[in-house]
1. How many of the residues in the range 268-298 are near the ligand (Cβ under 9 Å from one of its atoms), of a type outside the set (A, V, I, L, M) and at negative phi?
2. Does Trp224 satisfy the criteria of being away from the ligand (no atom under 16 Å from the Cβ) and farther than 21 Å from Gly162 by Cα?
3. With the structure loaded, tell me whether Leu19 is within 28 Å of Val191 (Cα to Cα) and either touching a residue at least 40 places away in the same chain (Cβ under 8 Å) or away from the ligand (no atom under 12 Å from the Cβ) (or both) or whether it fails that test.
4. Hey, among the residues in the range 154-176 that are of a type in the set (Gly, Ala, Ser) and within 14 Å of the ligand (Cβ to nearest atom), which one's nearest to Glu267 (Cα to Cα)?
5. Taking strands (runs of 3 or more DSSP E) that do not extend beyond the range 183-255, which have at least 1 residues that are polar (S, T, N, Q) and modelled with pLDDT of 95 or more?
6. In the range 20-112, which helices (runs of 4 or more DSSP H) lie fully inside it and hold 1 or more residues that are closer than 30 Å to Ala159 by Cα?
7. For the range 324-377, name all the residues that are surrounded by fewer than 20 Cβ atoms within 10 Å (Cβ to Cβ), basic (Lys, Arg) and assigned to a helix (DSSP H, G or I).
Amino acid sequence: MVGQARASVIVAGGGIGGLSAALGLARKGCKVTVLEQAEVFGEIGAGIQIGPNAFHAMDYLGVGEQGRKVAVYIDRLVMMDGKSGEEIAHIPIDEPFRKRFRNPYAVVHRADLHGVLLDACRAHADVTLVNRQRVVSYENTASGAKVRTESGDVFEADAVIGCDGVRSKIREQLTGGDALRLSGHVAYRAVLPIDKMPEDLRWNAATLWAGPKCHMVHYPLQGWKTFNLVATFVTDVNHVGSNEPGTREEVLSRFGDIVPRARKLLEVPTEWRRWVLGDRDPIENWTDGRVTLLGDAAHPTHQYFAQGACMAMEDAVCLADRVEKHPGDFNAAFVSYQENRIVRAYRVVLSSRMLGKMYHAEGVERKIRNSVLGAKSPDDFYNSLEWLYGGTGLAG
Ligand SMILES: Cc1cc2nc3c(=O)[nH]c(=O)nc-3n(C[C@H](O)[C@H](O)[C@H](O)COP(=O)(O)OP(=O)(O)OC[C@H]3O[C@@H](n4cnc5c(N)ncnc54)[C@H](O)[C@@H]3O)c2cc1C
(Lines give C-alpha, C1' and ligand atoms only; values in the text may rest on other atoms or scores of the structure.)
Protein backbone atom coordinates (compact mmCIF):
# COMPACT_ATOMS: atom_id res chain seq x y z
CA MET A 1 0.00 0.00 0.00
CA VAL A 2 1.44 3.37 -1.03
CA GLY A 3 0.89 6.18 1.49
CA GLN A 4 -2.46 6.61 3.22
CA ALA A 5 -4.90 6.82 0.30
CA ARG A 6 -4.66 4.66 -2.82
CA ALA A 7 -2.24 6.32 -5.21
CA SER A 8 -3.25 6.41 -8.88
CA VAL A 9 -0.91 6.18 -11.85
CA ILE A 10 -1.35 6.57 -15.60
CA VAL A 11 0.90 4.43 -17.77
CA ALA A 12 1.18 5.70 -21.35
CA GLY A 13 1.84 2.70 -23.62
CA GLY A 14 0.96 -0.97 -23.16
CA GLY A 15 4.05 -2.74 -24.51
CA ILE A 16 6.29 -5.02 -22.46
CA GLY A 17 7.56 -2.02 -20.47
CA GLY A 18 4.15 -0.45 -19.82
CA LEU A 19 2.49 -3.68 -18.73
CA SER A 20 5.44 -4.56 -16.49
CA ALA A 21 5.21 -1.12 -14.88
CA ALA A 22 1.45 -1.45 -14.43
CA LEU A 23 1.85 -4.83 -12.80
CA GLY A 24 4.70 -3.73 -10.54
CA LEU A 25 2.83 -0.64 -9.34
CA ALA A 26 -0.49 -2.44 -8.87
CA ARG A 27 1.27 -5.06 -6.75
CA LYS A 28 2.45 -2.19 -4.52
CA GLY A 29 -1.11 -0.96 -4.05
CA CYS A 30 -1.44 1.67 -6.81
CA LYS A 31 -4.49 1.95 -9.02
CA VAL A 32 -3.13 1.95 -12.56
CA THR A 33 -4.67 2.96 -15.88
CA VAL A 34 -2.78 1.90 -19.02
CA LEU A 35 -3.50 3.97 -22.14
CA GLU A 36 -2.54 2.20 -25.37
CA GLN A 37 -2.83 3.75 -28.81
CA ALA A 38 -3.46 0.48 -30.67
CA GLU A 39 -6.85 -1.10 -31.33
CA VAL A 40 -5.92 -4.06 -29.15
CA PHE A 41 -3.16 -4.85 -26.68
CA GLY A 42 -0.67 -7.04 -28.48
CA GLU A 43 2.82 -7.53 -29.86
CA ILE A 44 4.38 -8.14 -33.25
CA GLY A 45 5.04 -11.68 -34.45
CA ALA A 46 8.74 -12.06 -33.73
CA GLY A 47 11.08 -13.60 -31.23
CA ILE A 48 13.04 -12.09 -28.42
CA GLN A 49 16.01 -13.28 -26.36
CA ILE A 50 15.77 -12.82 -22.63
CA GLY A 51 18.65 -13.04 -20.19
CA PRO A 52 18.52 -14.28 -16.59
CA ASN A 53 17.96 -10.68 -15.51
CA ALA A 54 14.57 -10.69 -17.29
CA PHE A 55 13.57 -13.76 -15.29
CA HIS A 56 14.70 -12.04 -12.07
CA ALA A 57 12.35 -9.19 -13.05
CA MET A 58 9.48 -11.53 -13.93
CA ASP A 59 9.88 -13.28 -10.57
CA TYR A 60 9.62 -9.91 -8.82
CA LEU A 61 6.51 -9.08 -10.85
CA GLY A 62 4.92 -12.42 -9.89
CA VAL A 63 4.94 -13.88 -13.42
CA GLY A 64 8.19 -15.88 -13.38
CA GLU A 65 6.46 -19.23 -13.56
CA GLN A 66 4.19 -18.19 -16.44
CA GLY A 67 7.17 -16.64 -18.25
CA ARG A 68 9.18 -19.85 -17.89
CA LYS A 69 6.33 -21.86 -19.42
CA VAL A 70 6.34 -19.95 -22.73
CA ALA A 71 10.14 -19.84 -23.15
CA VAL A 72 12.41 -22.13 -25.16
CA TYR A 73 15.60 -23.13 -23.35
CA ILE A 74 18.49 -23.06 -25.76
CA ASP A 75 21.84 -24.33 -24.52
CA ARG A 76 24.37 -22.18 -26.44
CA LEU A 77 24.93 -18.69 -27.82
CA VAL A 78 26.95 -19.26 -30.98
CA MET A 79 28.84 -16.78 -33.12
CA MET A 80 29.75 -17.96 -36.62
CA ASP A 81 31.99 -16.23 -39.13
CA GLY A 82 29.65 -15.68 -42.08
CA LYS A 83 32.56 -15.33 -44.48
CA SER A 84 34.40 -18.56 -43.64
CA GLY A 85 31.49 -20.53 -42.20
CA GLU A 86 33.59 -21.42 -39.13
CA GLU A 87 32.59 -21.02 -35.52
CA ILE A 88 34.17 -17.99 -33.87
CA ALA A 89 33.01 -18.68 -30.31
CA HIS A 90 30.18 -20.07 -28.26
CA ILE A 91 28.89 -19.48 -24.76
CA PRO A 92 27.35 -22.51 -23.06
CA ILE A 93 24.16 -21.44 -21.30
CA ASP A 94 23.25 -24.81 -19.86
CA GLU A 95 23.13 -25.81 -16.20
CA PRO A 96 26.38 -24.18 -14.94
CA PHE A 97 25.29 -20.87 -16.50
CA ARG A 98 21.79 -21.17 -15.01
CA LYS A 99 23.23 -22.03 -11.62
CA ARG A 100 25.64 -19.11 -11.65
CA PHE A 101 23.05 -16.52 -12.69
CA ARG A 102 20.17 -18.15 -10.75
CA ASN A 103 17.95 -18.13 -13.84
CA PRO A 104 18.10 -19.29 -17.47
CA TYR A 105 18.84 -17.51 -20.72
CA ALA A 106 15.94 -18.22 -23.07
CA VAL A 107 14.11 -17.21 -26.23
CA VAL A 108 10.42 -16.47 -26.43
CA HIS A 109 7.83 -15.24 -28.89
CA ARG A 110 7.15 -11.57 -28.12
CA ALA A 111 3.38 -12.08 -28.14
CA ASP A 112 3.74 -14.92 -25.60
CA LEU A 113 5.82 -12.78 -23.23
CA HIS A 114 3.50 -9.81 -23.69
CA GLY A 115 0.54 -12.20 -23.19
CA VAL A 116 1.91 -13.34 -19.83
CA LEU A 117 2.08 -9.72 -18.65
CA LEU A 118 -1.30 -8.90 -20.18
CA ASP A 119 -3.01 -11.84 -18.47
CA ALA A 120 -1.53 -10.79 -15.13
CA CYS A 121 -2.68 -7.17 -15.65
CA ARG A 122 -6.18 -8.34 -16.63
CA ALA A 123 -6.34 -10.55 -13.54
CA HIS A 124 -5.38 -7.65 -11.25
CA ALA A 125 -8.34 -5.68 -9.95
CA ASP A 126 -6.30 -2.46 -9.81
CA VAL A 127 -5.18 -2.38 -13.44
CA THR A 128 -7.48 -0.78 -16.03
CA LEU A 129 -6.54 -1.27 -19.67
CA VAL A 130 -7.77 1.30 -22.18
CA ASN A 131 -7.28 1.01 -25.96
CA ARG A 132 -7.40 3.53 -28.78
CA GLN A 133 -5.98 6.33 -26.66
CA ARG A 134 -2.90 7.96 -28.11
CA VAL A 135 -1.26 10.18 -25.53
CA VAL A 136 -0.10 13.48 -26.99
CA SER A 137 0.93 15.56 -23.96
CA TYR A 138 1.22 15.67 -20.18
CA GLU A 139 0.95 18.29 -17.46
CA ASN A 140 1.98 18.40 -13.81
CA THR A 141 -0.90 19.73 -11.71
CA ALA A 142 -1.07 21.01 -8.13
CA SER A 143 -1.83 17.55 -6.80
CA GLY A 144 -0.73 15.11 -9.50
CA ALA A 145 -0.34 14.87 -13.24
CA LYS A 146 -2.54 14.44 -16.28
CA VAL A 147 -2.30 13.44 -19.92
CA ARG A 148 -4.25 14.53 -22.96
CA THR A 149 -4.93 12.09 -25.77
CA GLU A 150 -5.41 12.59 -29.49
CA SER A 151 -9.15 12.14 -29.13
CA GLY A 152 -9.24 15.13 -26.73
CA ASP A 153 -9.78 13.08 -23.56
CA VAL A 154 -7.94 14.00 -20.39
CA PHE A 155 -6.85 11.39 -17.82
CA GLU A 156 -5.73 12.52 -14.39
CA ALA A 157 -3.84 10.67 -11.65
CA ASP A 158 -1.18 11.16 -8.99
CA ALA A 159 1.60 10.37 -11.47
CA VAL A 160 2.32 9.49 -15.11
CA ILE A 161 4.82 6.99 -16.55
CA GLY A 162 5.78 7.38 -20.22
CA CYS A 163 6.20 3.84 -21.61
CA ASP A 164 5.37 4.91 -25.14
CA GLY A 165 8.41 3.52 -26.89
CA VAL A 166 11.18 4.87 -29.07
CA ARG A 167 9.08 7.75 -30.44
CA SER A 168 7.64 8.67 -27.03
CA LYS A 169 5.41 11.76 -26.93
CA ILE A 170 6.03 12.03 -23.18
CA ARG A 171 9.78 12.07 -23.76
CA GLU A 172 9.47 14.58 -26.57
CA GLN A 173 7.78 17.04 -24.21
CA LEU A 174 9.98 16.19 -21.24
CA THR A 175 13.27 16.69 -23.09
CA GLY A 176 12.13 19.36 -25.53
CA GLY A 177 12.64 16.88 -28.37
CA ASP A 178 16.08 15.24 -28.50
CA ALA A 179 16.89 13.67 -31.84
CA LEU A 180 16.73 10.00 -32.67
CA ARG A 181 20.18 8.81 -33.64
CA LEU A 182 20.18 6.99 -36.95
CA SER A 183 22.24 3.83 -36.91
CA GLY A 184 22.13 3.30 -40.65
CA HIS A 185 21.25 -0.31 -39.83
CA VAL A 186 18.18 -2.09 -41.16
CA ALA A 187 16.81 -5.25 -39.50
CA TYR A 188 14.61 -7.69 -41.40
CA ARG A 189 12.50 -10.06 -39.35
CA ALA A 190 10.65 -13.29 -40.21
CA VAL A 191 9.31 -16.31 -38.35
CA LEU A 192 9.57 -19.66 -40.16
CA PRO A 193 7.62 -22.87 -39.51
CA ILE A 194 10.13 -25.49 -38.36
CA ASP A 195 9.74 -27.56 -41.56
CA LYS A 196 10.97 -24.58 -43.61
CA MET A 197 14.12 -24.24 -41.50
CA PRO A 198 17.07 -26.01 -43.21
CA GLU A 199 17.71 -29.17 -41.20
CA ASP A 200 21.43 -28.53 -40.82
CA LEU A 201 20.70 -25.20 -39.09
CA ARG A 202 18.09 -26.40 -36.58
CA TRP A 203 20.44 -25.79 -33.68
CA ASN A 204 19.41 -25.54 -30.05
CA ALA A 205 21.15 -22.19 -29.90
CA ALA A 206 20.80 -18.50 -30.55
CA THR A 207 23.13 -18.37 -33.53
CA LEU A 208 24.67 -15.21 -34.97
CA TRP A 209 26.38 -15.24 -38.38
CA ALA A 210 28.68 -12.21 -38.55
CA GLY A 211 29.44 -10.96 -42.06
CA PRO A 212 30.94 -7.81 -43.55
CA LYS A 213 28.48 -4.97 -42.85
CA CYS A 214 25.76 -7.52 -42.05
CA HIS A 215 24.78 -10.22 -39.61
CA MET A 216 21.91 -12.58 -39.07
CA VAL A 217 20.48 -14.36 -36.05
CA HIS A 218 18.29 -17.45 -35.74
CA TYR A 219 16.83 -19.45 -32.88
CA PRO A 220 13.91 -21.82 -32.19
CA LEU A 221 10.62 -20.47 -30.84
CA GLN A 222 7.20 -21.59 -29.61
CA GLY A 223 8.12 -25.06 -28.39
CA TRP A 224 10.26 -25.64 -31.50
CA LYS A 225 7.31 -25.13 -33.83
CA THR A 226 8.95 -22.11 -35.46
CA PHE A 227 12.33 -20.41 -35.95
CA ASN A 228 12.97 -16.71 -35.52
CA LEU A 229 15.14 -15.04 -38.10
CA VAL A 230 16.62 -11.51 -37.99
CA ALA A 231 18.88 -10.23 -40.78
CA THR A 232 20.58 -6.87 -40.16
CA PHE A 233 22.75 -4.85 -42.53
CA VAL A 234 24.32 -1.42 -42.91
CA THR A 235 22.71 1.05 -45.32
CA ASP A 236 22.59 4.77 -45.93
CA VAL A 237 18.86 5.15 -45.18
CA ASN A 238 18.06 8.50 -43.63
CA HIS A 239 14.93 7.80 -41.63
CA VAL A 240 13.96 5.56 -38.70
CA GLY A 241 11.05 3.19 -39.34
CA SER A 242 9.40 0.15 -37.84
CA ASN A 243 7.42 -2.81 -39.04
CA GLU A 244 7.46 -1.79 -42.71
CA PRO A 245 7.06 -4.39 -45.48
CA GLY A 246 10.47 -5.46 -46.80
CA THR A 247 11.62 -7.15 -49.98
CA ARG A 248 13.52 -10.39 -50.33
CA GLU A 249 15.70 -8.75 -53.04
CA GLU A 250 16.95 -6.09 -50.62
CA VAL A 251 17.88 -8.54 -47.92
CA LEU A 252 19.57 -10.99 -50.29
CA SER A 253 21.56 -8.24 -51.99
CA ARG A 254 23.14 -7.30 -48.63
CA PHE A 255 24.31 -10.80 -47.75
CA GLY A 256 26.26 -11.57 -50.92
CA ASP A 257 29.47 -12.23 -48.97
CA ILE A 258 28.30 -14.88 -46.57
CA VAL A 259 28.64 -18.63 -47.04
CA PRO A 260 25.84 -20.39 -49.00
CA ARG A 261 24.99 -22.56 -45.98
CA ALA A 262 23.84 -19.45 -44.09
CA ARG A 263 22.68 -17.39 -47.07
CA LYS A 264 20.24 -20.04 -48.23
CA LEU A 265 18.24 -19.41 -45.08
CA LEU A 266 17.49 -15.88 -46.28
CA GLU A 267 15.84 -17.31 -49.38
CA VAL A 268 13.19 -19.12 -47.34
CA PRO A 269 10.86 -16.42 -45.94
CA THR A 270 8.00 -15.41 -48.22
CA GLU A 271 7.22 -12.39 -46.04
CA TRP A 272 9.66 -10.02 -44.37
CA ARG A 273 9.05 -7.01 -42.11
CA ARG A 274 11.74 -4.37 -41.83
CA TRP A 275 12.91 -2.00 -39.08
CA VAL A 276 15.24 0.94 -39.72
CA LEU A 277 17.01 1.11 -36.38
CA GLY A 278 17.77 4.10 -34.22
CA ASP A 279 18.66 4.82 -30.61
CA ARG A 280 19.20 7.98 -28.58
CA ASP A 281 22.18 9.41 -26.79
CA PRO A 282 22.12 9.06 -23.00
CA ILE A 283 20.50 11.89 -21.05
CA GLU A 284 20.79 12.61 -17.33
CA ASN A 285 17.16 13.20 -16.50
CA TRP A 286 13.99 11.22 -17.22
CA THR A 287 11.77 12.95 -14.68
CA ASP A 288 9.64 16.09 -14.61
CA GLY A 289 7.78 16.40 -11.31
CA ARG A 290 5.36 13.50 -11.15
CA VAL A 291 6.11 12.30 -14.67
CA THR A 292 8.87 9.87 -15.64
CA LEU A 293 9.96 7.60 -18.49
CA LEU A 294 10.51 3.85 -18.73
CA GLY A 295 11.81 1.32 -21.27
CA ASP A 296 12.49 2.47 -24.82
CA ALA A 297 10.99 5.88 -24.02
CA ALA A 298 13.86 6.41 -21.57
CA HIS A 299 16.76 4.51 -23.16
CA PRO A 300 16.04 3.19 -26.65
CA THR A 301 18.78 0.84 -27.74
CA HIS A 302 19.92 -1.25 -30.67
CA GLN A 303 19.04 -4.90 -30.33
CA TYR A 304 22.63 -6.21 -30.42
CA PHE A 305 22.80 -6.99 -26.71
CA ALA A 306 19.24 -8.45 -26.83
CA GLN A 307 18.42 -6.40 -23.73
CA GLY A 308 15.92 -3.62 -24.60
CA ALA A 309 12.88 -5.47 -23.30
CA CYS A 310 14.86 -6.94 -20.40
CA MET A 311 15.85 -3.42 -19.35
CA ALA A 312 12.22 -2.26 -19.61
CA MET A 313 11.16 -5.05 -17.24
CA GLU A 314 14.01 -4.21 -14.86
CA ASP A 315 12.92 -0.55 -14.94
CA ALA A 316 9.47 -1.64 -13.83
CA VAL A 317 10.93 -3.57 -10.89
CA CYS A 318 13.00 -0.61 -9.76
CA LEU A 319 10.14 1.83 -10.24
CA ALA A 320 7.76 -0.26 -8.14
CA ASP A 321 10.40 -0.64 -5.46
CA ARG A 322 11.08 3.12 -5.29
CA VAL A 323 7.37 4.02 -5.24
CA GLU A 324 6.96 1.69 -2.30
CA LYS A 325 9.99 3.22 -0.55
CA HIS A 326 8.72 6.81 -1.01
CA PRO A 327 5.07 6.56 -0.05
CA GLY A 328 3.06 9.51 -1.29
CA ASP A 329 6.08 11.23 -2.89
CA PHE A 330 6.23 10.30 -6.57
CA ASN A 331 8.85 12.89 -7.44
CA ALA A 332 11.26 11.49 -4.84
CA ALA A 333 10.48 7.96 -6.03
CA PHE A 334 11.11 8.86 -9.68
CA VAL A 335 14.38 10.66 -8.95
CA SER A 336 15.60 7.67 -6.95
CA TYR A 337 14.45 5.31 -9.74
CA GLN A 338 16.28 7.16 -12.49
CA GLU A 339 19.45 7.49 -10.39
CA ASN A 340 19.39 3.76 -9.96
CA ARG A 341 18.66 2.92 -13.58
CA ILE A 342 20.58 5.41 -15.70
CA VAL A 343 24.07 3.90 -15.58
CA ARG A 344 22.92 0.32 -16.10
CA ALA A 345 20.45 1.07 -18.89
CA TYR A 346 22.85 3.33 -20.77
CA ARG A 347 25.67 0.83 -20.35
CA VAL A 348 23.45 -1.46 -22.42
CA VAL A 349 22.80 1.29 -25.00
CA LEU A 350 26.50 2.08 -25.46
CA SER A 351 27.57 -1.57 -25.36
CA SER A 352 24.99 -2.36 -28.03
CA ARG A 353 26.50 0.24 -30.33
CA MET A 354 29.92 -1.39 -29.88
CA LEU A 355 28.53 -4.87 -30.47
CA GLY A 356 26.92 -3.68 -33.70
CA LYS A 357 30.34 -2.59 -34.97
CA MET A 358 31.90 -5.85 -33.88
CA TYR A 359 29.27 -7.98 -35.60
CA HIS A 360 29.80 -6.13 -38.89
CA ALA A 361 33.61 -6.11 -38.81
CA GLU A 362 35.62 -6.72 -41.96
CA GLY A 363 39.28 -6.88 -42.94
CA VAL A 364 41.75 -6.80 -40.08
CA GLU A 365 39.04 -5.92 -37.57
CA ARG A 366 37.32 -9.19 -38.36
CA LYS A 367 40.55 -11.07 -37.71
CA ILE A 368 41.02 -9.33 -34.36
CA ARG A 369 37.42 -10.02 -33.37
CA ASN A 370 37.71 -13.69 -34.21
CA SER A 371 41.00 -14.05 -32.40
CA VAL A 372 39.88 -12.25 -29.22
CA LEU A 373 36.49 -13.97 -28.93
CA GLY A 374 37.87 -17.34 -29.96
CA ALA A 375 40.36 -17.28 -27.08
CA LYS A 376 37.72 -16.76 -24.39
CA SER A 377 36.63 -19.55 -22.06
CA PRO A 378 33.06 -19.93 -20.77
CA ASP A 379 34.19 -18.41 -17.46
CA ASP A 380 35.69 -15.42 -19.28
CA PHE A 381 32.31 -14.80 -20.90
CA TYR A 382 30.41 -15.38 -17.66
CA ASN A 383 32.65 -12.99 -15.74
CA SER A 384 32.21 -10.26 -18.35
CA LEU A 385 28.42 -10.70 -18.21
CA GLU A 386 28.15 -10.81 -14.42
CA TRP A 387 27.21 -7.11 -14.16
CA LEU A 388 24.27 -7.72 -16.48
CA TYR A 389 22.85 -11.17 -15.81
CA GLY A 390 23.70 -11.16 -12.11
CA GLY A 391 21.79 -7.89 -11.62
CA THR A 392 18.21 -7.48 -10.54
CA GLY A 393 17.53 -3.88 -11.49
CA LEU A 394 17.30 -3.07 -7.78
CA ALA A 395 20.90 -2.54 -6.77
CA GLY A 396 22.09 0.94 -5.90
C1 LIG B 1 14.97 -6.21 -34.39
C2 LIG B 1 14.81 -6.09 -32.89
C3 LIG B 1 15.17 -7.15 -32.08
C4 LIG B 1 15.08 -7.04 -30.68
N5 LIG B 1 15.48 -8.10 -29.92
C6 LIG B 1 15.43 -7.99 -28.57
C7 LIG B 1 15.84 -9.09 -27.75
O8 LIG B 1 16.23 -10.15 -28.25
N9 LIG B 1 15.78 -8.94 -26.39
C10 LIG B 1 15.34 -7.78 -25.80
O11 LIG B 1 15.30 -7.72 -24.56
N12 LIG B 1 14.97 -6.72 -26.56
C13 LIG B 1 14.99 -6.79 -27.91
N14 LIG B 1 14.59 -5.72 -28.69
C15 LIG B 1 14.22 -4.46 -28.03
C16 LIG B 1 12.80 -4.49 -27.52
O17 LIG B 1 11.94 -4.80 -28.60
C18 LIG B 1 12.39 -3.13 -26.94
O19 LIG B 1 13.42 -2.62 -26.15
C20 LIG B 1 11.12 -3.28 -26.09
O21 LIG B 1 10.06 -3.70 -26.90
C22 LIG B 1 10.79 -1.96 -25.41
O23 LIG B 1 9.54 -2.07 -24.77
P24 LIG B 1 8.70 -0.76 -24.44
O25 LIG B 1 7.45 -1.25 -23.79
O26 LIG B 1 9.54 0.23 -23.73
O27 LIG B 1 8.37 -0.11 -25.86
P28 LIG B 1 7.49 -0.68 -27.05
O29 LIG B 1 7.65 -2.14 -27.20
O30 LIG B 1 7.79 0.17 -28.24
O31 LIG B 1 5.99 -0.41 -26.60
C32 LIG B 1 5.43 0.88 -26.61
C33 LIG B 1 3.92 0.75 -26.56
O34 LIG B 1 3.36 2.06 -26.44
C35 LIG B 1 2.38 2.26 -27.44
N36 LIG B 1 2.44 3.70 -27.75
C37 LIG B 1 3.38 4.37 -28.46
N38 LIG B 1 3.12 5.69 -28.49
C39 LIG B 1 1.98 5.86 -27.76
C40 LIG B 1 1.22 7.00 -27.39
N41 LIG B 1 1.59 8.21 -27.77
N42 LIG B 1 0.11 6.82 -26.62
C43 LIG B 1 -0.26 5.56 -26.22
N44 LIG B 1 0.42 4.45 -26.55
C45 LIG B 1 1.53 4.60 -27.29
C46 LIG B 1 2.79 1.37 -28.58
O47 LIG B 1 1.69 1.05 -29.42
C48 LIG B 1 3.32 0.15 -27.82
O49 LIG B 1 2.30 -0.73 -27.46
C50 LIG B 1 14.63 -5.82 -30.09
C51 LIG B 1 14.26 -4.75 -30.90
C52 LIG B 1 14.34 -4.88 -32.29
C53 LIG B 1 13.92 -3.71 -33.15
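The values are calculated or read from the model by the stated rules, or taken from the named source; none is laboratory data. All of these numbers come straight from a predicted model, not from anything done at the bench. In this analysis, Cβ positions are derived from the backbone assuming ideal geometry, glycine residues included, and neighbour counts consider all displayed protein chains.
1. Looking only at that region, the number is 2.
2. yes
3. Yes: the conditions hold for Leu19.
4. Checked the range 154-176; the qualifying residue nearest to Glu267 (Cα to Cα) is Gly165.
5. Filter on the range 183-255 gives 205-211, 226-234.
6. Result: 52-60, 64-70.
7. Lys325, Arg347, Arg353, Lys357, Lys367
Listed here are the residues, each with its yes/no results for (1) free of Cβ contacts under 8 Å to residues at least 60 places away in the same chain; (2) more than 15 Å from the ligand (Cβ to nearest atom); (3) surrounded by 14 or more Cβ atoms within 10 Å (Cβ to Cβ); (4) within 20 Å of Ser84 (Cβ to Cβ).
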| residue | (1), (2), (3), (4) |
| --- | --- |
| Gly211 | no, yes, yes, yes |
| Cys214 | no, no, yes, yes |
| Pro220 | no, no, yes, no |
| Val230 | no, no, yes, no |
| Gly256 | yes, yes, no, yes |
| Val259 | no, yes, yes, yes |
| Ala262 | no, yes, yes, yes |
